[in-house]
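Taking it in order: structure first as structure tokens, then the write-up.
The values are calculated or read from the model by the stated rules, or taken from the named source; none is laboratory data. Nothing here was measured: the structure is a model prediction, and the numbers come from that model. Heads up, the Cβs are rebuilt from the backbone with ideal geometry, glycines too, and the neighbour counts pull from every protein chain shown. When the accessible area is computed, the model is the full protein with side chains, heavy atoms only, and any ligands, DNA or RNA have been set aside. Shrake-Rupley method; radii C 1.70, N 1.55, O 1.52, S 1.80 Å.
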Amino acid sequence: MRHGNRRLDVVLILGAVALTLLPWYRIDGGFYGFGWLAGFPLSTEVAPGLVQIAAHGRWWLAGVVLLLLLAGAARGMADPMRRGAALAWLGALGVLFLSLQGLAIGFSGWTWTISESLFGALSDGQPSMGAGAVLSAVVFVLLFSFGLAERGVMKGDAFVVSAISLLVFLVAVFVFYPIGSMFAGSVQDFDGSFNPDGFIRNMQDPGIWSLGCVIGGGRCGVAWRTLWLAIMTGLGSTLLGLAFALVATRTRFPYKKGLRLLTILPIITPPFVIGLALTLLFGRAGVITQGLSELFGIEPGRWLYGLTGIWIAQVLSFTPIAFLVLIGVVEGVSPSMEEASTTLRADRWRTFRRVSLPLMKPGLANAFLIGFIESMADFGNPLVLGGSHGVLSTEIFFAVVGSQNDPSRAAVLAMVLLVFTLSAFLAQRFWLSGKNFATVTGKGDSGAHIALPRGLSIGVHAIVIPWGLFTLVVYGMILVGGFVKTWGLDNSLTLDHYAKAFSISFDGSIAWTGVAWNSFWTTMEIALISAPLTAIVGLLTAYIIVRQKFTGKNVFEFALMMSFAIPGTVIGVSYIMAFNLPPLEMTGSALILIACFVFRNMPVGVRGGIAAMSQLDKSLDEASLTLRAGSFRTIRKVILPLLRPAITAALVYSFVRAITSISAVIFLVSAEYNMATSYIVGLVENGEYGVAIAYSSMLIVVMITVITGFQLLVGDRRLRRENRVAGLAPSRQEKTA
Amino acid sequence: MINQKAGSVTFENVKKTFGAFTAIPDLSLTIEPGTLVTLLGPSGCGKTTTLRMLAGLEHPTAGRILIGGKDVTMLPANERDVSMVFQSYALFPHMSSLDNVAYGLESSGLSRREAREKAEEGLSLVGLAGMGGRLPAELSGGQQQRVAVARALVLEPQVLLLDEPLSNLDARLRRRVRTEIRELQQRLGFTAVYVTHDQDEALAVSDRIIVMKDGEIAQSGAPRDLYEFPASSFIADFMGEANVIACEVVGIDGAEADIRIGSLTHRVPAGRAKPGAASLAVRPGAVTLAEGRGEGLAGRILHSAYLGDHVEYEVETDVGTLFIVDHAVDRILPAASNATLGFKNRGIALISN
């Protein structure tokens, strides 16, 4: 253990720093403002841990000091196995102790009556954890990992053990703790005491569960409406996606490249923009509605505002995703299967129905489930088009921000939504896994796909061409919409909306006078901070999943991927419930937005990383290890350079997602940190469609610029041999709202 | 200058399991410093697992591993004084040959300049001086292989590990490179552990061969011992093809033994044979074949195949069906004809278990 002592010393010193040099509790003005240096180290607010114990009556923090001292004493132990055991235990106890004291002691004293009766009342509570407390938690996690590494876990690789432990710790804090708090919050009163009334009342609410529309008499509950919508959206987008995929691969359609471009659209489109464009077309003041009413005297109706409108918007939004999934499936059906079928005297129609289609079935089911989850999680379109006919995600939102302010209702609705999406996710994982016939094998698979039967070919063209044109019109509306004065009333062209949003005046210095600038720069800042973090966390996880073997790896992978299936609204609600009060308080800060983006977008980085890393020969890492390089050096010098395309993809994707997402963000923004999307939604709610659409198209332009910029920036790797790395082209990922 | 320091290798009761599967039940072996030892066996016999445990890429479930007398059982790969040549070479495709060779030196803490100087030396040692600027993809298969060897050797490890280093080369090149490796090993005097499933390769390069089967050592010894005195029919068949037939040892006369095979008697090196029933390994080339019935073992040709410089026969006899290689190509015995078989003096060995 040559490095064992050095890394341990570093961590012990960090522990000492956490207790003596950093403010233990959260600083109201923000840590990076460094305003706290003025009162340091004696005032109650900014004192470090040791001073808090000695002078401010926070005696319980002595537990942290004791555990760290014991760890310091354990450093001297000679036997590595026993020292490892001691360090691992001290680390685990430290994390446990910190979490317990944080949860048990709130602002004004004990939060739990059981501890109050055990230890007696406290004269004073404690604020939320700050830099010192957070650093000491990290120190304990590292002590735990070093201890395990010294006992030979993961072949004694301290870097890998630490990485796994820290990831588990972070996911626990930022995914499972919030979800848990939300569950706890649903059965609590405002003062925190146990009170299941609200929970029971909401669980039995006919507004959620009523089956009125089926048995006649009134409307169905929001849960059933959402389920119905999700099934219809899944079906619609899968059928359309299949039609597009067939046209793109099995016909001589002349504009195939254009079809492929379609797949980028959902990635760069903020989710509510489609709904917005539909309003401009079919809303009461929409172009088409107005046109029809003038030409044929059809009364402008409100049919768009409800499930029908949401359904159209969602099918428009998610068809490209289904297309992306299904194009791989359709191409993956081995041509030799179809050729075999034709040599067995089957005609084209029989071949398609009996061979090709059954082989695509698992892929179709997968596309359906993705569409289902996307529809469930979609927040932007229902918000814009839903009117009074809400779905679960919008109901959750109104339960929290509206006049009702009923957190336990929000929690119940969130649970219902979570059950739906997680069931779909589980179905996708377990029922579909291993059922994929359409895998491309390494064997040379020559031959060509047979053409579609004539009738089917005409059919898919008849679907694809109108729908493709419709999509073009909708996106055209987005670009043109920003230049039109007032839709339906005054269709003259104007630059007013852009001027209002993005005006700049030169008054000696540049003044950002446009209304959009504030949220625009915040969005850019937060997206730029969270993108690299997401890429790091995602790729590190991918490395661990692909390259390391350890017990519980499947659970680890599953838990990470599960966070993918948690709808953004649920994350949003759970974050405000978890991070509003001690022990962790982050609401209203940029930090909570960054944490939200990192842990919501990470699974995509993980998937991309896994795909890319599986293609790198494992003997490359092993060669590096036998050449005296540790895991960290191996990652830095060998794996990362070979993963550059995957890194770019992860960076671009998380950057773009941070800009376009709305569902979780809308709960977490504050006056100081407002994001572009939530600002646009605000504009829509005020009826300022012109500015909203101008801002949206501006965002789309920015994202296209960023994506192409990245593609140009990242040159080719210095490799000639194509075979080993050819598959590393940035894999586009499906997207979840 | 590259100075090798040869170290010994010891496995003490090493056990390795993967989940419920036991790859190595209980392995003990010693490798003398400065020798080239081959681990030979069919795929799945545990030879690669043994090598990877030595490299530190797998850790044993139980037992101890010593390198140069030092216990390295729990040491990670990057802290062990061994280096390895991989089957796929595992050259880093984004680095030049020189950077590949210098990589391990830099990891060991040498300055960039020192590492490059030494890497140049390593490249010229394997005959690639001046090729340092090329990427692996710009080198031929044989050159890539030599870069991989140089990369491992410049670290001056106590033990060099080679995992099927020739399997990605074509047959002609394979012969040349294995000679080069052997020559390099004898010149520099390092300890080498060589894994292969090709017995020709093993016979050609080794000081000692360890044949493994199902995670255990089936037999170990000098190449010649293994070929001439196989300890089991598995070894006899694995070390060059052999017909294994039953025989009876009727008497032992010093170093030689008299045996009876059906109606025939013959004299073979005794090895460790005892009188009584035994098995005999007969190499396909060690059988003489004559037309018609005569004095010797009666046989009937089942099948014959002409292969240019020799003819392969399957012959049915009283002691079983024999596979025979005959170099008399101008006379081919047709199927279903009668033949008389005799044994040559070389290529026949008693199996000593």
In the set A:523, A:541, the lone residue that is within 18 Å of the chain's Cα centre (by Cα), farther than 30 Å from residue A:413 by Cβ and open to solvent by less than 20 Å² (accessible area, probe 1.4 Å) is A:541
Within region B:159-188, the residues that are surrounded by fewer than 23 Cβ atoms within 10 Å (Cβ to Cβ) and outside any helix (DSSP H, G or I) are B:164, B:167, B:168, B:169, B:170
Of those in region B:236-248 that are closer than 20 Å to residue B:219 by Cβ and either more than 29 Å from the chain's Cα centre (by Cα) or among the acidic types (Asp, Glu) (or both), the residue most open to solvent (accessible area, probe 1.4 Å) is B:241
Within region A:505-533, restricting to residues that are without any contact (Cβ under 8 Å) to a residue 12 or more places away in the chain and in a loop (DSSP other than H, G, I, E, B), the one that is nearest to residue A:300 (Cα to Cα) is A:513
When region B:265-288 is checked residue by residue, the ones that are open to solvent by less than 30 Å² (accessible area, probe 1.4 Å) and out of contact with any Lys or Arg (no Cβ under 9 Å at 6 or more places or on another chain) are B:268, B:270, B:273, B:276, B:278, B:280, B:281, B:282, B:284
The lone condition residue B:137 fails out of (1) crowded, with 23+ Cβ neighbours inside 10 Å; (2) modelled with pLDDT under 90; (3) outside any loop (DSSP other than H, G, I, E, B) is (1)
The residue that is surrounded by the most Cβ atoms within 10 Å (Cβ to Cβ), considering only those in region B:206-233 that are in contact with a helix residue (DSSP H, G or I) (Cβ under 6 Å, 6 or more places away or on another chain) and without any contact (Cβ under 8 Å) to a residue 40 or more places away in the chain, is B:219
Given the conditions (1) facing chain A (nearest Cβ under 9 Å); (2) at pLDDT below 90, every one holds for residue B:151 apart from (2)
Scanning region A:171-199 for residues that are surrounded by 17 or more Cβ atoms within 10 Å (Cβ to Cβ) and touching an Asp or Glu at 6+ places or on another chain (Cβ under 8 Å) gives A:198
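Starting from residues that are touching a Lys or Arg at 6+ places or on another chain (Cβ under 8 Å) and not hydrophobic (A, V, I, L, M, F, W, C), keep the ones in region B:144-162 and report whichever is nearest to residue B:195 (Cα to Cα).
Within region B:144-162, the first condition is being touching a Lys or Arg at 6+ places or on another chain (Cβ under 8 Å), and the residues that meet it are B:154-156, B:158.
Imposing the further condition that a residue be not hydrophobic (A, V, I, L, M, F, W, C) reduces the set to B:156, B:158.
Details: B:156: 20, B:158: 17 Å.
Step by step, filter region B:144-162, then rank; the result is B:158.
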In region B:289-334, anything of a type in the set (A, V, I, L, M, F, W, C), over 30 Å from residue B:256 (Cα atoms) and open to solvent by less than 60 Å² (accessible area, probe 1.4 Å) is listed as B:301, B:305, B:311, B:329, B:333
The number of residues in region A:152-170 that are in contact with a Phe, Trp or Tyr (Cβ under 8 Å, 6 or more places away or on another chain), open to solvent by 30 Å² or more (accessible area, probe 1.4 Å) and away from chain B (no Cβ under 14 Å) is 2
Taking region A:244-261 and keeping residues in contact with a Ser or Thr (Cβ under 9 Å, 6 or more places away or on another chain) and either within 13 Å of residue A:314 (Cα to Cα) or in a helix (DSSP H, G or I) (or both) leaves A:244, A:246, A:247, A:250, A:256
**OP:** May I ask you to verify whether residue A:57 is within 19 Å of residue A:97 (Cβ to Cβ) and modelled with pLDDT under 80?
**Re:** yes
Q: Consider residue B:25 carefully, then state whether it is touching a helix residue (DSSP H, G or I) at 6+ places or on another chain (Cβ under 6 Å) and farther than 28 Å from residue B:183 by Cβ.
A: no
Of A:624, A:589, the only residue that is more than 14 Å from chain B (Cβ to nearest Cβ) and either open to solvent by 20 Å² or more (accessible area, probe 1.4 Å) or not hydrophobic (A, V, I, L, M, F, W, C) (or both) is A:589
query = Mind checking whether some residue in region B:104-125 is more than 17 Å from residue A:629 (Cα to Cα), of a type in the set (A, V, I, L, M, F, W, C) and in contact (Cβ under 8 Å) with a residue 24 or more places away in the chain?
reply = yes
Restricting region A:292-341 to residues that are open to solvent by less than 10 Å² (accessible area, probe 1.4 Å), small (Gly, Ala, Ser) and under 23 Å from the mean Cα position of the chain (by Cα), the one nearest to residue A:361 (Cα to Cα) turns out to be A:322
Look at residue A:120 and say whether it is of a type outside the set (S, T, N, Q), away from chain B (no Cβ under 14 Å) and crowded, with 21+ Cβ neighbours inside 10 Å. no
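Sort out which residues of region B:30-71 are surrounded by fewer than 17 Cβ atoms within 10 Å (Cβ to Cβ), touching a Ser or Thr at 6+ places or on another chain (Cβ under 8 Å) and away from chain A (no Cβ under 14 Å), and write them in order of number.
To start, the set of residues in region B:30-71 that are surrounded by fewer than 17 Cβ atoms within 10 Å (Cβ to Cβ) comprises B:30, B:32-33, B:42-44, B:61-62, B:64, B:66, B:69-71.
Now narrow it down to the ones that are touching a Ser or Thr at 6+ places or on another chain (Cβ under 8 Å): B:30, B:32-33, B:61, B:64, B:66, B:69.
Within region B:30-71, B:30, B:32, B:33, B:66, B:69 qualify.
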Taking the condition among the aliphatic types (A, V, I, L, M) and away from every other protein chain (no Cβ under 14 Å), does residue B:159 pass? no
Filtering helices (runs of 4 or more DSSP H) wholly in region B:198-296 for at least 2 residues that are under 15 Å from residue B:346 (Cα atoms), assigned by TED's automatic domain parsing to the domain that holds residue B:30 and at pLDDT 90 or above gives none
Counting only residues in region B:76-87 that are open to solvent by 20 Å² or more (accessible area, probe 1.4 Å) and at pLDDT 85 or above, the one farthest from residue A:628 (Cα to Cα) is identified as B:87
Checked against (1) more than 28 Å from the chain's Cα centre (by Cα); (2) within 23 Å of residue A:13 (Cβ to Cβ), residue A:162 satisfies every condition except (1)
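Considering only residues that are surrounded by fewer than 24 Cβ atoms within 10 Å (Cβ to Cβ) and modelled with pLDDT under 80, look in region A:605-621 and name the one that is nearest to residue A:656 (Cα to Cα). Reasoning before the result, please.
Step one: of region A:605-621, the residues surrounded by fewer than 24 Cβ atoms within 10 Å (Cβ to Cβ) are A:607, A:610-611, A:613-621.
Adding the requirement that they be modelled with pLDDT under 80 leaves A:607, A:611, A:614-615.
Values: A:607: 17, A:611: 20, A:614: 25, A:615: 26 Å.
Per the stated criteria, the residue is A:607.
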Of the residues in region B:111-133, those that are within 14 Å of chain A (Cβ to nearest Cβ) and either touching a strand residue (DSSP E or B) at 6+ places or on another chain (Cβ under 6 Å) or crowded, with 18+ Cβ neighbours inside 10 Å (or both) come to B:115, B:118, B:119, B:122
